[in-house]
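**Student:** Before anything else, here's the structure in question.
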Amino acid sequence: MRHTSAIAILGAISILVFAPAFTYGFINFDDPMYVTENPVVLAGVTPGSLVEAFTDQSIALWTPLTIISYQIEVSLFGPNPQAMHATNILLHALNAILLYLFLIQLTARFWPSLFVAAVFAVHPTHVESVAWISERKDVLSTVFWLLTSIAWVRYVRTKDRRAYGLALVLFTLGLLAKPMVMTLPVVLLILDFWPLDRLRNRAALVNAVREKAPLFALAVGAALVTLVTQSAGDATVPATIWDRISNAVVAYAGYLGLTFYPIDLAVMYPRPLEPYTVSVVLVCAVPLIAITLAALARVRRAPFLLAGWAWFIVTLAPVAGAIPIGALAMADRYTYIPTIGLFIAVSFGGAAVLRDRSGVARAVAAGVAAVSVLVLSMLTFNQVRVWKDSETLFRHALAVTGPSVIPHVQLASLCLEESRVGEAEQHALAALALYPDFSLPNNILASVYIARGAYAEA
């Protein structure tokens, strides 16, 4: 009975906090590329479009299953943004429920599992993954991540080869939705450490790696395809070794900060124009090193701390900045799966502390947990409203992050479409002040001059 109640609560809060997005439209960033100007999607489901979903490289990221999900919606409802928002929200609610079921299967601990799933459902950094139609790949791939994990744990517990085969199929589907799930085989090894307790000696570790060999092979294949498609789409940015190391260290610290202080979130956190200094990197490295050492020091008494921290580190690795992509320093959407590890460490850590405490201490802890979920829900509800339209979204980004090229470009483009030529010029010039050779603001500025009849300047 309590499992049914938990599932109902998770589904309800997931939908309620994202309710404003049910009425939103498309935004002018990535949504045109993925949906509104994508002929592969706008064709709906046809034999030809299904083939093109696997072969088209115009997006610079291979996500054929996500593209097919858009095609299905176009066939059923047309290019309807409300239907697509509803799908994203329902998939997110499903993920919260699946996360709860997975943790119950894994640990048989009701309250810690419910708290992890509830925080996942209402955390503000997940707004970008849910409220942005273009980020369907996050919520869809996580469905398959969690289903793969459930099937895998069933295989570990029962040695049922059908569960093993099902896990391979589900993992493949996850990779087809978004290649970021490639880190799952390593996470399964982390779960072998805790809570499955299967890595008691070197031979057990070798066996655990060997049984996951097909999963690792699929992950390597997905990584290679991703590198090829992003290189072909000019999505990656040349970087020195120092840039790669410093970007990763600062990003890890930044994501840790956003998880525990999710304030002033934005669609775009711009990469600094100059490389990070040594002092900045050292300051960011201190908490990372301290947490790692603390988790290692308590590995025998509290293995869940190391497991949760390792989950966070491993799953963020592909997007932590070692391979710079575009003008981004960080993005909220990249936290969708990684923060689960931090939630596990906090929730199961709290449960361990309370194990021998009085009923009063447990009641106080329950109150703190409930208030935490309520506060996060309020923050998320407010953050969802930032996504109501393109202008609100990018003006908010500039207010939060300061001058940033992409928000200025998107606002310039929007103002030009609405014949607000003066504002378009201001934003285009602001973008060019940051990146003088960037083609998009130059093109917009030329269009501004043409609209004014200043053909020589254009």
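**Student:** Which value in Å is the Kirkwood Rh of the chain over different Cα pairs?
**Tutor:** Working: mean 1/r = 0.0427 Å⁻¹.
It is 23.4 Å.
**Student:** Give the Rg/Rh ratio for the range 378-458, taking Rg as the radius of gyration of the Cα atoms and Rh as the Kirkwood radius, to two decimals.
**Tutor:** Working: Rg = 13.9 Å, Rh = 13.1 Å.
A ratio of 1.06.
**Student:** Considering amide H positions built from the backbone, and no H for Pro or chain starts, which residues 5 or more places from Ala329, or on another chain, come under 5 Å of its amide H?
**Tutor:** For Ala329, whose amide H was placed from the backbone, the distant partners under 5 Å are Tyr269, Arg271.
**Student:** Keeping the other protein chains in place, figure out the carbon and sulfur percent of the accessible area of the range 396-458, with a 1.4 Å probe.
**Tutor:** Numbers: 1740 of 3150 Å².
Of the solvent-accessible surface of the range 396-458, carbon and sulfur hold 55 percent.
**Student:** Now for a separate question. Charges at C-beta only: +1 for Lys and Arg, -1 for Asp and Glu. How large is the resulting dipole of the chain about its Cα centre, in Debye rounded to 20? Mind dumping the intermediate values first?
**Tutor:** Working: 29 positive and 27 negative charges, 552 e Å.
Once rounded to the nearest 20, the dipole reads 2640 debye.
**Student:** Related question: Per residue, how much accessible area does the chain show when a 1.4 Å probe rolls over the protein heavy atoms, in square angstrom?
**Tutor:** Values: 19970 Å² over 458 residues.
That works out to 44 Å² for each residue.
**Student:** Also, quick follow-up: Restricting attention to the alpha-carbon atoms of the range 30-90, what are Rg (one decimal) and Dmax (integer), both in Å?
**Tutor:** Cα-based Rg and Dmax for the range 30-90 come out at 10.6, 29 Å.
**Student:** Each label point is 7 Å from the Cα along the Cα-to-Cβ direction; what then is the distance between the points at Ser75 and Ala361, in nm?
**Tutor:** Roughly 5.8 nm, to one decimal.
**Student:** Angle between the Cα long axis of helix 136-158 and the longest principal axis of the chain, 0 to 90 degrees, nearest 10?
**Tutor:** Result, in degrees: 20.
**Student:** Using alpha carbons only, how many angstrom separate the centre of the range 61-92 from the centre of the range 177-222?
**Tutor:** Rounded to whole Å, the Cα centres lie 31 Å apart.
**Student:** Straight-line reach from Lys212: which aspartates and glutamates have Cα under 17 Å away, leaving out those fewer than 8 places along the same chain?
**Tutor:** Partners within reach: Asp160, Asp192, Asp197.
**Student:** With a sphere of radius 15 Å drawn around the Cβ of Pro318, what net charge do the other residues whose Cβ falls strictly inside it have (Lys, Arg +1; Asp, Glu -1)?
**Tutor:** Working: positive: Lys137, Lys178, Arg244, Arg333; negative: Asp138.
Combined, the nearby Lys, Arg, Asp and Glu give +3.
**Student:** Same structure again: In sequence order, what are the phi-derived ³J(HN,Hα) couplings for the range 395-407 according to the Karplus relation 6.51 cos²θ - 1.76 cosθ + 1.60 with θ = phi - 60°, rounded to whole Hz, with x for glycine and proline?
**Tutor:** 5, 5, 4, 5, 5, 8, 9, x, x, 8, 5, 5, x
**Student:** Calculate how steeply helix 359-386 sits against the longest principal axis of the alpha-carbon atoms of the chain, using the helix alpha-carbon long axis, and give the answer as 0 to 90 degrees to the nearest 10.
**Tutor:** Taking Cα atoms only, the helix is inclined about 20 degrees.
**Student:** Evaluate the distance, in nm, between pseudo-label points positioned 7 Å from the Cα of Phe54 and of Asp30 along their respective Cα→Cβ axes.
**Tutor:** Spacing of the two 7 Å Cα→Cβ label points: 2.5 nm.
**Student:** Summarise the long-distance tail of P(r) for the range 168-282 by giving the % of C-alpha pairs beyond 19 Å. Let's see the in-between values first.
**Tutor:** Numbers: 4331 of 6555 pairs.
The calculated P(r) of the range 168-282 puts 66 percent of pairs beyond 19 Å.
**Student:** Also, I was wondering about something else. Taking the Cβ of Thr259 as the center, what net charge do the other residues with Cβ under 15 Å away carry, scoring Lys and Arg +1 and Asp and Glu -1?
**Tutor:** Values: positive: Arg333; negative: Glu128, Asp264, Asp332.
Taking every Cβ under 15 Å from that of Thr259, the sum is -2.
**Student:** Probe radius 1.4 Å, ligands and nucleic acids ignored: give me the carbon and sulfur share of the accessible area of the range 138-261 as a rounded percent.
**Tutor:** With neighbouring chains kept in place, the figure for the range 138-261 is 68 percent.
**Student:** Can you spot the lysines whose alpha carbon is less than 24 Å from Lys388's alpha carbon? Ignore those fewer than 8 places along the same chain.
**Tutor:** Lys388 reaches Lys137.
**Student:** If r is the Cβ-Cβ distance from Ser439 to Lys388 and R0 is 30 Å, what FRET efficiency results, to the nearest 0.05?
**Tutor:** The formula returns an efficiency of 0.55 here.
**Student:** Can you classify the range 87-167 as rounded, prolate or oblate using the Cα gyration tensor, where a ≥ b ≥ c are the square roots of its eigenvalues, rounded means a/c under 1.5, and otherwise it's prolate if a/b beats b/c and oblate if not?
**Tutor:** Oblate is the answer for the range 87-167, as a/c is 1.5 or above yet b/c matches or exceeds a/b.
**Student:** Where the accessible area of the range 59-130 is counted over protein heavy atoms with a 1.4 Å probe, how much of it, in %, is carbon and sulfur? Before the final figure, lay out each step's value.
**Tutor:** Details: 1480 of 1930 Å².
The value for the range 59-130 is 77 percent carbon and sulfur by accessible area.
The values are calculated or read from the model by the stated rules, or taken from the named source; none is laboratory data. Just so it is clear, the structure is predicted and the values come from calculations on it, not from any experiment. Positions of Cβ are generated from backbone atoms using ideal geometry, with glycine treated the same way; all protein chains shown enter the neighbour counts. Remember, those area values only see protein heavy atoms, side chains included, never the ligands or the DNA or RNA. Shrake-Rupley method; radii C 1.70, N 1.55, O 1.52, S 1.80 Å.
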